[in-house]
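Trainee: I am attaching a structure below and will ask some questions about it afterwards.
Readers should treat all values here as calculations from the given coordinates under stated rules, not as data from a laboratory. If you're wondering where the values come from, they're calculated on a predicted model, not measured in any experiment. Cβ placement follows ideal geometry from the backbone for every residue including glycine, while neighbour counts extend to all protein chains displayed.
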Amino acid sequence: MPAVIEVRDLRKAYGDVLALDGVSFAVEEGEIFGMVGPNGAGKTTAIECVEGLRRPDTGSIQVLGLDPCLERRAIAERIGIQLQECALPPRLRVAEALGLFGSFYERQVDAKELLDTLGLAEKRSAAFGTLSGGQKQRLFIALALINNPQVVFFDELTTGLDPQARRSMWDLVRQIRERGCTVFLTTHFMEEAERLCDRVLILDRGQIVALDTPEALVRSLEAEIRLVFTIPENRAVPSLVKLPQVQRVKRSGERMVVYGRGERFVSSVVDLLEDEGLEFLDLRTEQPNLEDVFLSLTGRQMRE
């Protein structure tokens, strides 16, 4: 089965700044595909080139078998887009916005059903300016879905939302995929990419530094497991590094962080503490995650 999106050797420069430097990837039908990267990595440039909103300097792009620059109108009928920064006139009503955007396409879904699905039925007569942040984002999703697209693009969908609204957005994205739509999203929330995406592309300085499933990316890191607990500050702790599974230990006041690997890492530390009669509280393990992979590949320094 051919890929829904095929990008080959994509390059784009702004003056002396090379935003994209030989980027190639493919997105399969029915997957949630994520792109992450530090600020200035080229994410927005890449997704806008794929959407046909920006023309690359060199390289080729196929979306549903069409060139997004040369066959823009044909592609627009079959894709949906939610931009990173969106706005509507404050007095425009929700139903009016759907009617307006629906008129741009040859086909459109039932607006009432779409509002019901997105939890906006009671807001159909509300002005855009009166909506909450989460309601505005759901409206922008509705506008991206009004033409029943085969592929939908979400650029930083949950930026500025509180945790509850963000989780609601994740559920909506999954529902969109379940309806048969391929989802391409960019995000700077690593948890979001890890929870939602079938595959994740990590972009840094205009180049792909990793592309795989979240699980495979985390496994490739071979990072240490962190065992965190508290212990009275005045109590001495036996040398945990003598255990073969323990690599290093950090103590700050009552807080202990033990780093290690292996199947018996946690149990060996707990057994030693109990053998010494030490009381410990708030014991928890912290597994490596996609954020650890991201920081390992892109670095921890601040960037403009």
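Trainee: Assign unit charges at the C-beta atoms only (+1 for Lys and Arg, -1 for Asp and Glu), then state the dipole size of the stretch 5-219 relative to its Cα centre in Debye, rounded to the nearest 20.
Mentor: Details: 26 positive and 32 negative charges, 123 e Å.
So the dipole magnitude of the stretch 5-219 works out to roughly 600 debye.
Trainee: At 7 Å along Cα-to-Cβ for each site, give me the label-to-label distance between Arg264 and Glu77 in nm.
Mentor: Those two pseudo-labels are separated by 6.7 nm.
Trainee: Next question. Report the extension gain between Thr213 and Glu85 in nm, rounded to one decimal, defined as 0.36 nm multiplied by the number of residues separating them, less their alpha carbon distance.
Mentor: On the way: separation 128, 0.36 × 128 = 46.08 nm, distance 2.79 nm.
Separation in residues times 0.36 nm, less the Cα-Cα distance, equals 43.3 nm.
Trainee: Still on this model: If you add up the charges near Ser132, with Lys and Arg at +1 and Asp and Glu at -1, over every other residue whose beta carbon is less than 10 angstrom from its beta carbon, what do you get?
Mentor: Details: positive: Lys123, Lys136, Arg138; negative: Asp162.
So the surrounding residues net to +2.
Trainee: With the cut-off at 1.5 for a/c, could you classify the stretch 191-304 from its C-alpha gyration tensor as rounded, prolate or oblate? Walk me through the numbers on the way to the answer.
Mentor: Working: a/c = 2.81, a/b = 2.23, b/c = 1.26.
Since a/c reaches 1.5 and a/b is larger than b/c, the shape of the stretch 191-304 is classed as prolate.
Trainee: Just to confirm a number: summing +1 for Lys and Arg and -1 for Asp and Glu over residues other than Ile79 whose beta-carbon lies under 11 angstrom from that of Ile79, what do you get?
Mentor: Details: positive: Arg72, Arg78; negative: Glu51, Glu77.
In short, 0.
Trainee: Still on this structure, I have one more. For the chain, what does -39500 (n - 2.57) per DSSP helix run (n ≥ 4), summed and divided by total residues, give at 222 nm, in deg cm²/dmol to the nearest 500?
Mentor: Numbers: 10 runs with 94 residues, N = 304.
Computed mean residue ellipticity for the chain: -9000 deg cm²/dmol.
Trainee: Another question, then. Taking the Cα atoms of the stretch 130-175, report the difference between the largest and smallest coordinate on each principal axis, in whole Å and largest first.
Mentor: 29, 24, 17
Trainee: Continuing with the same structure: Between Lys242 and Leu295, how high is the FRET efficiency from 1/(1 + (r/R0)^6) when r is the Cβ-Cβ distance and R₀ = 35 Å? Nearest 0.05. Mind dumping the intermediate values first?
Mentor: Numbers: r = 30 Å, r/R0 = 0.85.
Computed FRET efficiency for Lys242 and Leu295: 0.75.
Trainee: In sequence order, what are the phi-derived ³J(HN,Hα) couplings for the stretch 116-123 according to the Karplus relation 6.51 cos²θ - 1.76 cosθ + 1.60 with θ = phi - 60°, rounded to whole Hz, with x for glycine and proline?
Mentor: Per residue, the Karplus-derived 3J(HN,Hα) values read 4, 4, 8, x, 10, 4, 6, 9 Hz.
Trainee: Given that just one value was derived from the coordinates, which of [x] 0.98; [y] 0.95; [z] 1.08 is Rg/Rh (Cα atoms, Kirkwood Rh)?
Mentor: [z]
Trainee: If I model a spin label as a point 7 Å beyond the Cα along the Cα-Cβ vector, how far apart are those points for His188 and Gln287 in nm?
Mentor: Output for this residue pair reads 2.8 nm.
Trainee: Kindly write out, for the stretch 106-111 in residue order, the coupling ³J(HN,Hα) from the Karplus curve 6.51 cos²θ - 1.76 cosθ + 1.60 (θ = phi - 60°), rounded to whole Hz, with x marking Gly and Pro.
Mentor: Listing the rounded values in order: 6, 10, 8, 7, 6, 4 Hz.
Trainee: How much FRET efficiency would the formula 1/(1 + (r/R0)^6) give for Asp198 and Thr58, where r is the Cβ-Cβ distance and R0 is 25 Å, rounded to 0.05? Spell out each step's value before the answer.
Mentor: Details: r = 29 Å, r/R0 = 1.15.
The formula returns an efficiency of 0.30 here.
Trainee: All other residues with a Cβ under 11 Å from the Cβ of Tyr259 taken together, and with Lys, Arg as +1 and Asp, Glu as -1, what is their net charge?
Mentor: Working: positive: Arg226, Arg248, Lys250, Arg261; negative: Glu224, Glu286.
The answer is +2.
Trainee: Using label points projected 7 Å from each Cα along Cα→Cβ, tell me how many nm separate Glu274 and Ala13, to one decimal.
Mentor: Between Glu274 and Ala13, the label points sit 6.4 nm apart.
Trainee: Let me ask something additional. Which value, in debye to the nearest 20, describes the size of the charge dipole of the stretch 224-287 about its Cα centre when Lys and Arg Cβ atoms bear +1, Asp and Glu Cβ atoms bear -1, and nothing else is charged?
Mentor: Working: 10 positive and 11 negative charges, 72 e Å.
Around 340 debye, computed over the stretch 224-287.
Trainee: Now for a separate question. Across the chain, how many lysine pairs, 8 or more positions apart or on different chains, have C-alpha atoms separated by under 17 Å? Please give the number.
Mentor: On the way: Lys12/Lys43; Lys112/Lys123; Lys112/Lys136; Lys123/Lys136; Lys242/Lys250.
Lysine pair count for the chain: 5.
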